[in-house]
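The values are calculated or read from the model by the stated rules, or taken from the named source; none is laboratory data. Just so it is clear, the model here is predicted, and its values are computed rather than measured. FYI the Cβ positions are ideal-geometry reconstructions off the backbone, even for glycines, and counts take in every protein chain you see.
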Amino acid sequence: MASHEFRTPLAAINAAADVILRYYDRLNQDDIYQRLEKIKREVKDMTIMLEDILIIGKADSQKLEYNPVEINLVAEVKKITADYQLAESGDREIKVYYATENIPLIADPKWIKHITINLLSNALKYSEKEIEIVIKEENEQVVLMVKDQGIGISEKDQNKLFEPFHRGENVGNISGTGLGLSVLEKAVALHGGKITVESELGKGSTFNVFLPHVN
Ligand code: ADP
């Protein structure tokens, strides 16, 4: 399946390079620039896909790095979100709500960052309105929720969402590999937690990450 998924970007890279090689004396600078940009984009996507495939492989053989320390999930998520907003999200609004300023948790900060950024970037990618993050404590667990008001996910797709390469039938031409959530499921499992989704087509989605509490 993975090798099949690499064929499309490789074909696109090959086609763009072919055009440049064949017509470079007839193309103007902008034509060449656009094709080189396309090649760079495809290479970047392939690199992310390869990294995700490696993570899934390592998770399956229980070789994923996991370095838990005590963190305050609220401070951590606020910082990740602020940094991400500066770097990536332009003027999209991301609101962070939390019950108390300090919600302690034993977790690997690198994975918390990976989980938060992935859920945020999906919310931004599949919606156009405001995004909400909620951090709360519930029945001995800490819950990190990322809510959007975007395209939503059908019930049929919700059942398969965490399988590698599965993409919703309504994604249209929004780009993606269908690997991000599979990686997140493994990362959350490393922490002894679980990830769930609630969604309605056309209305929006909420991803819930449940992590065991520190007593
Ligand atoms: P990708 O976004 O690269 O396709 P993911 O594994 O992150 O891969 O997500 C798998 C699928 O789940 C997506 O293709 C999309 O159909 C659906 N999905 C994920 N997050 C959202 C969201 N916030 N809103 C709507 N659909 C989503």
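Just a few scattered comments:
- Residue 73 vs. criteria surrounded by 13 or more Cβ atoms within 10 Å (Cβ to Cβ), within 14 Å of residue 184 (Cα to Cα) and in contact (Cβ under 8 Å) with a residue 60 or more places away in the chain: no
- Checking each residue of region 156-169 against the condition of being of a type outside the set (S, T, N, Q), within 12 Å of the ligand (Cβ to nearest atom) and in contact (Cβ under 8 Å) with a residue 40 or more places away in the chain gives at least one match.
- Counted residues, region 4-49 - those being aliphatic (A, V, I, L, M), part of a helix (DSSP H, G or I), out of contact with any Asp or Glu (no Cβ under 6 Å at 6 or more places or on another chain) and without any contact (Cβ under 8 Å) to a residue 40 or more places away in the chain: 12
- Any chance residue 78 is among the charged types (D, E, K, R), surrounded by 14 or more Cβ atoms within 10 Å (Cβ to Cβ), assigned to a helix (DSSP H, G or I) and modelled with pLDDT of 95 or more: yes
- Residues (farther than 15 Å from residue 207 by Cβ and of a type in the set (Asp, Glu)) located in region 164-193: 169
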